[in-house]
Amino acid sequence: MNLSNLKPGQQGTIIKLDRSIGPIRRRLMDMGVIPGERIRVEKVAPMGDPIEVTVKGYNLSLRKGEAKGIQIEEVAA
């Protein structure tokens, strides 16, 4: 499952960041989006892009394509 599949209010544990997301991968890791961290979807724009998430207490906005490259395991709230 990837991050773009979650609905607002759902959360998951990051398993892997795919290499397919390219250079943004390193920047995401620097911001705390790393395997083992819990990530929560706060809201999704009406057209599905961008997706606002919270990780390590910080709010980040991700494009849907970037969110598809973040593999997660869903966790019950």
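Only the coordinates and a few stated rules stand behind these numbers; no lab work does. Only a predicted model underlies this, so the values are computations on that prediction, with no experimental measurement involved. In this analysis, Cβ positions are derived from the backbone assuming ideal geometry, glycine residues included, and neighbour counts consider all displayed protein chains.
Within segment 1-59, can you find the residues that are of a type in the set (Lys, Arg) and within 17 Å of GLU74 (Cβ to Cβ)? Residues satisfying the conditions are LYS7, LYS16, ARG38, ARG40. Of all residues in segment 1-12, those being among the small types (Gly, Ala, Ser) and either assigned to a helix (DSSP H, G or I) or surrounded by 17 or more Cβ atoms within 10 Å (Cβ to Cβ) (or both) number 2. Summed over segment 13-41, residues that are assigned to a strand (DSSP E or B) and farther than 16 Å from MET1 by Cβ total 0.
Within segment 52-77, the residues that satisfy the criterion of being within 14 Å of MET1 (Cβ to Cβ) and surrounded by 14 or more Cβ atoms within 10 Å (Cβ to Cβ) are ALA67, LYS68, GLY69, ILE70, GLN71, ILE72.
Here's the yes/no breakdown for (1) among the β-branched types (Val, Ile, Thr); (2) out of contact with any strand residue (DSSP E or B) (no Cβ under 8 Å at 6 or more places or on another chain); (3) surrounded by 16 or more Cβ atoms within 10 Å (Cβ to Cβ):
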site	(1), (2), (3)
GLY22	no, yes, no
ASP30	no, yes, no
GLU37	no, no, no
VAL44	yes, no, yes
PRO50	no, no, yes
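A single entry from GLY36, GLY48, GLY57 fulfils the requirement of being out of contact with any Gly (no Cβ under 7 Å at 6 or more places or on another chain) and over 16 Å from ILE14 (Cα atoms): GLY48.
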